[in-house]
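J.: Here it is: the structure, laid out below.
Just so you know, all these numbers are worked out from the coordinates, no wet-lab data involved. As the structure is a prediction and not an experimental result, all values here were calculated from the model. FYI the Cβ positions are ideal-geometry reconstructions off the backbone, even for glycines, and counts take in every protein chain you see.
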Amino acid sequence: MKEWAENVLKKLDNKLTAECGRMGEKIPYIAEKGVYKKNMIEENLSWWTNGFWAGMLWQMYHATGKEVYKETAEKSEQWLDEALVRYEGLHHDVGFMWLHTAVADYRLTGNPDSRRRALHAANLLAGRYNPAGRFIRAWNLDKTGWMIIDCMMNISLLYWAAEETKDPRYSYIAGSHADTAMEKLMRPDGSCNHIAVMDPRSGELLELPEGQGYASGSSWSRGQAWAVYGFALAFRHTGDVRYLDTAKRAAHYFIANVALTEGIALVDFRAPKEPVQWDTTASACAACGLLEIAEAVPELEKELYRRHGEQILKKLEEKYCNWKEEEDGILQFGTAAYHRQEDTHVPIIYGDYFFTEGVLRLAGKEFGIW
Ligand code: GLY
């Protein structure tokens with residue numbers, strides 16, 4: 001497997017070096033016909049995916065030592081400063097945005113500006129905590145009582161801040177949120193809801209509406225991947241075995257579903273048979289989560305999680321990767337949401353990020369961003 005991963009790493013290096021060479025003053029999101037046409041600095045600087053490009057480059061810098069990755073990643077981090085200044089438009093995904101930029105930079109280079117940026121973002125995230133319902137508010141405007149499964153990935157920023165400042169308030173908030181997510185978002189069969197709406201004053205659960213999946217009560221696969229990886233990370237940060245058990249339950253459900261489709265996730269595991277819609281980003285993220293669980297469990301359990309993670313990554317490479325260096329975007333057939341036709345079956349930047357992280361994990365060269 002290591003040899004396979006080393007070979008794919010060479011392809012990643014060639015492709016990403018070429019992308020860096022033509023990126024210019026840009027933060028990429030979705031490649032359209034092999035080109036990153038939209039520039040997220042202009043389209044939406046506060047968009048939740050704006051850290052993944054830099055995160056992927058920090059992973060590659062750590063693995064290869066090539067300066068071009070570091071220099072290109074640093075530019076994204078600097079552009080995002082303006083999003084902190086604007087403030088409006090930012091929500092709980094400040095975790096995704098600044099873990100992959102500032103925290104990664106600080107961990108690798110010790111840059112004090114990066115530490116300041118990351119702590120600023122961590123305080124924004126902590127400020128979204130609702131003490132009555134013990135959850136981190138996801139989105140803005142009238143969504144005062146909304147929490148979503150995706151935030152299990154964002155809370156790593158709080159665990160980092162707690163460690164960095166020795167201030168337990170951050171880990172307290174992260175843990176409270178994870179407990180509520182376990183109680184309100186996870187279902188007994190290991191599947192999860194995307195969204196839970198609480199009364200923001202009493203904290204009482206009001207409803208479980210449809211999110212980016214097919215419908216309320218269905219099973220959005222990327223949300224499921226966030227649960228697999230997010231709870232595994234919560235275990236890594238706390239050692240609380242309830243989180244590991246939850247990650248395993250979510251993983252078993254994911255594995256059972258993708259067993260029907262050679263490891264490639266449908267956008268929703270409980271949608272009508274037609275139309276067939278894939279989301280390779282869910283598979284790539286879940287593969288990283290499975291490899292994370294494999295590190296956490298005792299020796300005799302490791303193979304189950306590791307083998308499934310490996311098989312998913314191998315299948316993604318075999319069927320869905322575009323290695324043409326003159327075209328942008330690696331992992332094809334990502335889908336942003338079940339009902340968003342325009343962003344269906346496209347290469348999305350977070351798909352490339354998780355695929356890269358997964359391959360580097362198998363090569364033993366990954367860098368701990370979360
Ligand atoms: N965090 C939003 C998504 O997964 O699309």
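J.: Once the dipole of the chain is set up with Lys and Arg at +1 and Asp and Glu at -1 on Cβ about the Cα centre, which of 290, 275, 214 lies farthest towards its positive end?
T.: 290
J.: Once the Cβ-Cβ distance between residue 32 and residue 340 is put in as r, and R0 is 22 Å, what FRET efficiency do you end up with, to the nearest 0.05?
T.: The computed FRET efficiency comes out at 0.90.
J.: Separate question: Around residue 299, under 15 Å between beta carbons, what's the net of Lys plus Arg minus Asp minus Glu among the other residues?
T.: 0
J.: Just to be sure I understand: with springs between alpha-carbon atoms less than 10 Å apart, which residue in 225, 132, 104 has the highest mean-square fluctuation in the Gaussian network model of the chain?
T.: 132
J.: Please enumerate, by chain and number, the aspartates and glutamates with C-alpha under 12 Å from the C-alpha of residue 365, excluding those fewer than 8 residues away in the same chain.
T.: List returned: 6, 357.
J.: For segment 252-260, in order, what is each residue's ³J(HN,Hα) by Karplus, 6.51 cos²θ - 1.76 cosθ + 1.60 with θ = phi - 60°, in whole Hz (x at glycine and Pro)?
T.: With coefficients 6.51, -1.76 and 1.60, one gets 4, 5, 5, 4, 4, 6, 7, 4, 7 Hz.
J.: Sticking with this one: Give me the orientation-averaged projected area of the Cα convex hull of segment 1-146, in nm², one decimal.
T.: Averaged projected area of segment 1-146's Cα convex hull equals 10.7 nm².
J.: GNM on the chain, C-alpha springs below 10 Å: top fluctuator among 311, 332, 212?
T.: So, out of 311, 332, 212, the one fluctuating most is 311.
J.: Here is a further query. May I ask which of 302/324; 2/66; 11/37; 273/319; 10/248 have a Cα-Cα span longer than 27 Å here?
T.: 302/324; 10/248
J.: With a ≥ b ≥ c the root eigenvalues of the C-alpha gyration tensor of segment 143-235, is it rounded (a/c under 1.5), prolate (a/b larger than b/c) or oblate?
T.: oblate
J.: Mean shadow of segment 246-370, computed from the convex hull of its alpha carbons, in nm²?
T.: 8.4
J.: If you average 1/r across every pair of different Cα atoms in the chain and take the reciprocal, what Kirkwood value do you get, in Å?
T.: Taking the inverse mean of 1/r over all distinct Cα pairs, the chain comes out at 20.3 Å.
J.: Which of rounded, prolate, oblate describes segment 164-316, given a ≥ b ≥ c as roots of the alpha-carbon gyration tensor eigenvalues and a/c under 1.5 marking rounded, otherwise prolate only if a/b is larger than b/c?
T.: oblate
J.: At q = 0.15 Å⁻¹, what base-10 log of I(q)/I(0) does the Debye formula yield for segment 203-248 when every alpha carbon is treated as an equal point scatterer in vacuo?
T.: -0.51
J.: If you take the charge dipole of segment 1-91 about its Cα centre, with +1 on Lys and Arg Cβ and -1 on Asp and Glu Cβ, which of 53, 7, 65 is farthest toward its positive end?
T.: The one lying farthest along the dipole's positive direction is 7.
J.: Another one. Relative contact order for segment 261-322: what percent, with Cα pairs under 8 Å and sequence separation of 6 or more?
T.: Rounded, it is 35 percent for segment 261-322.
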